[in-house]
Amino acid sequence: MSGMALKPLLVVVVVLVSLAAGRSAIRAKGSDLHKPALGFGEAFAAGIFLGAGLIHMLGDAEGAFVAANVNYPFAMVICGAVMLLLLWIEHLANQSSASPAGNKKLVAFSAVLMLSIHSLLMGAAFGISISAALTMVIFVAVLAHKGSASFALGLELSRSQFSLSSVWCLFMFFVAMFPLGALLGQSVSGAAKAYPLVEASISAVAAGTFLFFGTLHGLATSPMIVRCCNQREFVGAVAGFTLMAVVAI
C-alpha cells in the first residue's frame, strides 16, 4: 500500500488516540494525575523527529530549491525561522503559565493555541511525506507525541475555569488541526509539479517543525535533555535517528 493510500487511515488513528487521551484527562477534572511517562518512547520519537527533519525534510527542501535554480539557502533560512517561531510561542505560553497572577482561562487558551499551531505544522509535515516507509515511521513518532500532548492539554483544560462544553470545543479545535495540516500538506504535495517552490517551502517548514520537536520542544523537559541522561533512553533517541537514516537508503 502506498504512503498516499495509508495516510487517511493513519490520520484517523491519530485523531482517535488524541480523543482517547484527552477524554481521560478531562474526566480527571484537575486531579493529581500527571502526563504518562513515556520514557523510551518519548526519546525514540525525538530521535525520529530529529532524523526526519535533518535527513529527509531539509534535504528534500534544499534539493527542490536547487532544482529550481535558486542559489540562496532558503531551505535553511525557513527551517531556522520556524524553529525560532515555535520557540518564541512556547516561551510566551510558559510565561503565562508561570505567572502567579495568571488567569486560568488565559493559561489554558495559550496552551490550546500553542499546541494547535504545533499540530497544524506537524500535520502538514506528515501530509507531504511520500514513501510508505517514511510515512509509517513519522506516524509512530506523531502518535507518541500526540498522545502525550493531548493528555497534557486535557488536564490543563480540566483545571481551567471554562465550562465543560467550552473545554470540549477548545480541545476539538486542537484535535482538528492535525488532519487539517495533513490535508494541506497532501494538497501541496499533489500540486508539486505546478508549484515546485511551494512544496520546497512546506518541506522546509516541516524540517523546522520536526527539528524543533526533536530538540527544543518542552525546553527543560525536552526528551533530548531529560530522557537522554538515562543510557537506555539515550539509546532510544539514537535508534530513532538511525531508523530515519536507514529509511533514506
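In a fully extended conformation the segment linking A20 and L92 would gain 23.1 nm over its present Cα-Cα distance, using 0.36 nm per residue.
So, by mean Cβ neighbours within 10 angstrom, what's the order for 168-174, 199-205 with the highest one leading?
On the way: 168-174: 18.1, 199-205: 24.7.
Averaged packing, sorted descending, gives the order 199-205, 168-174.
Using a probe of 1.4 angstrom, how much of the accessible area of segment 65-182 is carbon and sulfur, in percent?
Summing carbon and sulfur atoms, their accessible area is 73 percent of the total for segment 65-182.
Hey, what's segment 39-79 come to in accessible area per residue, 1.4 Å probe, Å²? It would help to have the intermediate numbers written out before the result.
Values: 1710 Å² over 41 residues.
Value returned for segment 39-79: 42 Å² of accessible area per residue.
Estimated at 0.36 nm per residue, the fully extended path between K105 and A67 surpasses their Cα-Cα distance by 8.9 nm.
The values are calculated or read from the model by the stated rules, or taken from the named source; none is laboratory data. Values in this document were obtained by computation on a predicted structure and should not be read as measured data. Ideal geometry is used to build each Cβ from the backbone, glycine not excepted, and the neighbour counts take in all protein chains shown. For the accessible areas, the whole protein counts, side chains as well, though only heavy atoms, and no ligand, DNA or RNA atoms are used. Shrake-Rupley method; radii C 1.70, N 1.55, O 1.52, S 1.80 Å.
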